[in-house]
Amino acid sequence: MQKIILASQSPRRKQLLEWAEVPFEIIVKETDESFPQHLSPAEAAIHIAKNKAIAIKQLGNTTNPILAADTIVVLQNEMIGKPKSREDAVEILSKLSGQKHQVITGVVIMQGDKEISFADITDVEFHVLTKEQVEFYVDKYKPYDKAGAYAIQEWVGVVGIKSINGDFYNVMGLPVSRVVQAINIL
């Protein structure tokens, strides 16, 4: 497989590509993460990912495939991004407690004038979490760079998740098996 450009600073996406033994290098450029309000959550995630990929493509220094992704958590039609503060993280996790939600990762892969884009959706259900559990997790793990204020592979995922339906790695931030399949057909 040829080397890809990962347009992400996410340590989780980096780790997943390493586990899949995909050769890559990281190039990132600050991009606007807003989106038109009429878009569905899946369309919004793809829109943001596409903007990240375009930003790298515009640098003009690669013929390698560019991989960009964006993850959004959706609870009862409300899109939840990254928490802005400790209080926001506690509030988000308190909302997710005892509820089912969706984790949607929009993926865009560009090479030359070819483009593959898709959204992967995983359903996640939390057990009811106590206030003490939520605050312990937020204070110890500081999940401020994570959509939905949590990481499935950390303490809250291990003790707090009741069920998952879909790709576990999508919840970590990248549906890596689907990405590898897409890169192979690009």
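Report the local net charge at Lys57: Lys and Arg +1, Asp and Glu -1, summed over other residues whose C-beta lies under 13 Å from its C-beta.
Working: positive: Lys29, Lys50, Lys52, Lys114; negative: Asp113, Glu115.
Result for the neighbourhood of Lys57: +2.
A 31 angstrom limit on the alpha carbon distance is what I want to check against. Which of Lys3/Lys95; Lys50/Lys131; Lys84/Lys114; Lys29/Lys131; Lys29/Lys84 exceed it? In this structure, Lys3/Lys95; Lys50/Lys131; Lys84/Lys114; Lys29/Lys131 exceed 31 Å between Cα atoms. If you average over every viewing direction, what projected area does the convex hull of the Cα atoms of the chain give, in nm²? Mean projected area of the Cα convex hull: 10.1 nm².
With charges only on Cβ, +1 for K and R and -1 for D and E, what is the dipole size of the range 80-173 about its Cα centre, in debye, rounded to 20?
On the way: 11 positive and 14 negative charges, 38 e Å.
Using only the charged Cβ atoms, the result is roughly 180 debye.
The residue among Ile54, Ile104, Ile121 whose Cα reaches farthest toward the positive pole of the charge dipole of the range 4-185, with charges on the beta-carbon of Lys, Arg, Asp and Glu, is Ile54. The separation of the range 8-46 from the range 126-186, counted between C-alpha centres, amounts to 15 Å. Note down the net charge around Ile66, summing +1 for each Lys or Arg and -1 for each Asp or Glu among other residues with Cβ under 12 Å from its Cβ. Counting the neighbours of Ile66, the net charge comes to +4.
Coordinate-derived values only; no laboratory data. Everything quoted here is computed from the prediction, not taken from an experiment. Cβ coordinates were reconstructed from backbone atoms using ideal geometry, including for glycine residues, and neighbour counts include every protein chain displayed.
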